[in-house]
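The values are calculated or read from the model by the stated rules, or taken from the named source; none is laboratory data. All figures in this text were calculated on a predicted structure; none of them were measured in a lab. We place every Cβ from the backbone using ideal geometry, glycine too, and count neighbours over all the protein chains shown.
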Amino acid sequence: MFLCVFCVCVLRASAVKWYQNNQNHFQAYPSHVSYVVRQNENSLTSPDIKKILIRSPNWVGDVVMATPAFRCIRESFPGAQITIALKSYVIKLIEGAPWFDETLVLDKNTPSLAVIKHIRSKKYDLGFLFPNSFSSALMFWLGGVMRRIGYKRDARSWLLTDSVPRLSENGRFLPTYMGDYYLRLCAEMGCKPRSKELELFVSSGAQQRMEEIFEKHHLNNGLPLILINPGAAYGSSKCWTAEGFARTADLIRERLECNIAVSCAPHEQKLAKDIISTAKSRVINLVSEIRTLDVLKALVKRCALLITVDSGPRHIAVAFKRPVVTLMGPNDPRYTASPAEIGQVIRADVDCLACHLKTCPKDHRCMTQIKPERVAQVGLELL
């Protein structure tokens, strides 16, 4: 306990010292952003807020699950100027969304000092911190965001004006669906969501690109498209075997005349090729065609069924109300189980489920024991 308190004090002192050493780069620090300030009333009225900064989640799936919260903030503050700060690789994911006036790209090539200076120049009245990281809260604090709301995590409470505790049960954190997790921050500010549905948009350019891909690969033949997504940026512990996906494709084609394609990240090309070479039936490789998230959205929206591991495309399918079979092993399903999902989560019955490890230190039984026969049967029932 003493060590934890000591570490927090060191971090706090270091942050203050860093600011003091760099204060010449900033305008005068506004008195109203002292980290000890806390408003007496949580709820805010729309005229009070002129500028809002939202720090987006980082993972693709988390960004999709945060869309009800994005929409809720916009509807609660219709007259405010809203900026979303997010990683460059997810910009195309929110393309077309009507909730933001500006986008602040957080790129590895952009110095933190430049980002903080930019935030300070905007003089934001309110900031929503969806990531749980210390660094995101520090960015808002140094950036002079007047009111900063986020979860009480990673010893960062002193950087927030509104620190929200996580839900707990019997002294332990309660696993919560991430869509509700983000909406709870909105509720703390008096915002009331109109809907909890995930929502994404497809641009005309992405739609046109999809038409070209369908024409090139002869997918405009009137047959349903079954899309396989075998990859996960989280880590290898989430992945199923190439043999499993290949066998699933063969089993489905034995019972249904359809198109089957595989899509994943460019660095997972080998996995896609292994599936295609192992399958006895025709599986189309779309990896080189789908290089951006806007085109991936258009593809998922066009498919009749998605078969995927627990990764971002699953949530894109939920947003477009497409049936999805999710193969899940190391993660607790309560974090990602949307009530609007059309589909089924398949898990093996093993004793080490929900370990949340990115790489399995054992035999990966939580995924390897999932049977292709079951996956194919569930998929066919959803069509």
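Rundown of residues vs (1) over 28 Å from the mean Cα position of the chain (by Cα); (2) outside the structural domain of residue 213 (by TED's automatic domain parsing); (3) not small (Gly, Ala, Ser), yes/no style:
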position	(1), (2), (3)
245	no, no, yes
248	no, no, yes
251	yes, no, yes
255	yes, no, yes
261	no, no, no
281	yes, no, no
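If a residue must be among the acidic types (Asp, Glu) and either in a loop (DSSP other than H, G, I, E, B) or at pLDDT below 95 (or both), how many such residues does the stretch 267-280 contain?
Keep residues of the stretch 267-280 that are among the acidic types (Asp, Glu), which gives 268, 274.
Subset that is either in a loop (DSSP other than H, G, I, E, B) or at pLDDT below 95 (or both): 268.
Qualifying residue count, the stretch 267-280: 1.
Within the stretch 105-126, is even one residue under 29 Å from residue 168 (Cα atoms) and either in the same structural domain as residue 180 (by TED's automatic domain parsing) or of a type in the set (A, V, I, L, M) (or both)?
Just the residues of the stretch 105-126 that are under 29 Å from residue 168 (Cα atoms), to begin with: 126.
Keeping just the survivors that are either in the same structural domain as residue 180 (by TED's automatic domain parsing) or of a type in the set (A, V, I, L, M) (or both) gives 126.
Yes, because at least one residue in the stretch 105-126 is under 29 Å from residue 168 (Cα atoms) and either in the same structural domain as residue 180 (by TED's automatic domain parsing) or of a type in the set (A, V, I, L, M) (or both).
Is it the case, given these coordinates, that residue 154 is at pLDDT below 95, on the phi > 0 side of the Ramachandran plot and out of contact with any Gly (no Cβ under 9 Å at 6 or more places or on another chain)? Give the derivation first.
Numbers: at pLDDT below 95: yes; on the phi > 0 side of the Ramachandran plot: yes; out of contact with any Gly (no Cβ under 9 Å at 6 or more places or on another chain): yes.
So residue 154 fits the description; yes.
Going by the conditions given, is residue 183 assigned by TED's automatic domain parsing to the domain that holds residue 129, under 24 Å from the mean Cα position of the chain (by Cα) and closer than 24 Å to residue 150 by Cβ? Step through it out loud before you land on a result.
Details: assigned by TED's automatic domain parsing to the domain that holds residue 129: yes; under 24 Å from the mean Cα position of the chain (by Cα): yes; closer than 24 Å to residue 150 by Cβ: yes.
Yes: the conditions hold for residue 183.
Got a number for residues in the stretch 252-277 being in contact with a strand residue (DSSP E or B) (Cβ under 6 Å, 6 or more places away or on another chain) and of a type in the set (A, V, I, L, M)?
Total meeting the criteria: 6.
So which residues in the stretch 46-59 are under 20 Å from the mean Cα position of the chain (by Cα), hydrophobic (A, V, I, L, M, F, W, C) and surrounded by 21 or more Cβ atoms within 10 Å (Cβ to Cβ), if there are any at all? Talk me through it step by step, then tell me what you get.
Looking only at the stretch 46-59, we keep the residues that are under 20 Å from the mean Cα position of the chain (by Cα), and these are 53-59.
Now drop any that are not hydrophobic (A, V, I, L, M, F, W, C), which leaves 53-54, 59.
Of everything in the stretch 46-59, those that are under 20 Å from the mean Cα position of the chain (by Cα), hydrophobic (A, V, I, L, M, F, W, C) and surrounded by 21 or more Cβ atoms within 10 Å (Cβ to Cβ) turn out to be 53, 54.
When the stretch 137-155 is examined, which residues are found to be under 19 Å from residue 184 (Cβ atoms) and within 22 Å of the chain's Cα centre (by Cα)? I'd like the intermediate steps shown before the answer.
Step one: filter the stretch 137-155 for residues under 19 Å from residue 184 (Cβ atoms), giving 137, 140, 147-154.
Once the filter is applied, which keeps residues that are under 19 Å from residue 184 (Cβ atoms) and within 22 Å of the chain's Cα centre (by Cα), the stretch 137-155 yields 137, 140, 148, 149, 150, 151, 152, 153, 154.
Could you figure out which of (1) over 26 Å from residue 292 (Cβ atoms); (2) touching a helix residue (DSSP H, G or I) at 6+ places or on another chain (Cβ under 8 Å) isn't true of residue 83?
It fails just one condition, (1).
Please give the number of the condition residue 155 fails out of (1) in contact with a Ser or Thr (Cβ under 7 Å, 6 or more places away or on another chain); (2) assigned to a loop (DSSP other than H, G, I, E, B).
For residue 155, the failing item is (1).
Checking the structure you have, find out if any residue of the stretch 209-220 is of a type in the set (S, T, N, Q) and in the same structural domain as residue 331 (by TED's automatic domain parsing). If you could, list the steps in order and put the result at the bottom.
Pass one, the stretch 209-220, residues of a type in the set (S, T, N, Q): 220.
Cutting the leftovers down to in the same structural domain as residue 331 (by TED's automatic domain parsing) gives us 220.
Taking every residue of the stretch 209-220 in turn, at least one turns out to be of a type in the set (S, T, N, Q) and in the same structural domain as residue 331 (by TED's automatic domain parsing).
Restricting attention to the stretch 88-102, which residues are crowded, with 17+ Cβ neighbours inside 10 Å and more than 14 Å from residue 64 (Cα to Cα)?
100
Starting from the stretch 333-360, keep only residues that are under 21 Å from residue 174 (Cβ atoms), then list their pairs with residues that are in a strand (DSSP E or B) whose Cβ atoms are within a distance under 6 Å, requiring at least 6 positions of separation or different chains.
Here the result reads 333/345; 345/326, each pair linking the stretch 333-360 to a residue that is in a strand (DSSP E or B).
Quick grid of which residues meet (1) surrounded by fewer than 20 Cβ atoms within 10 Å (Cβ to Cβ); (2) modelled with pLDDT of 95 or more:
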| position | (1), (2) |
| --- | --- |
| 318 | no, yes |
| 344 | yes, yes |
| 347 | yes, yes |
| 351 | yes, no |
| 354 | yes, no |
| 359 | yes, no |
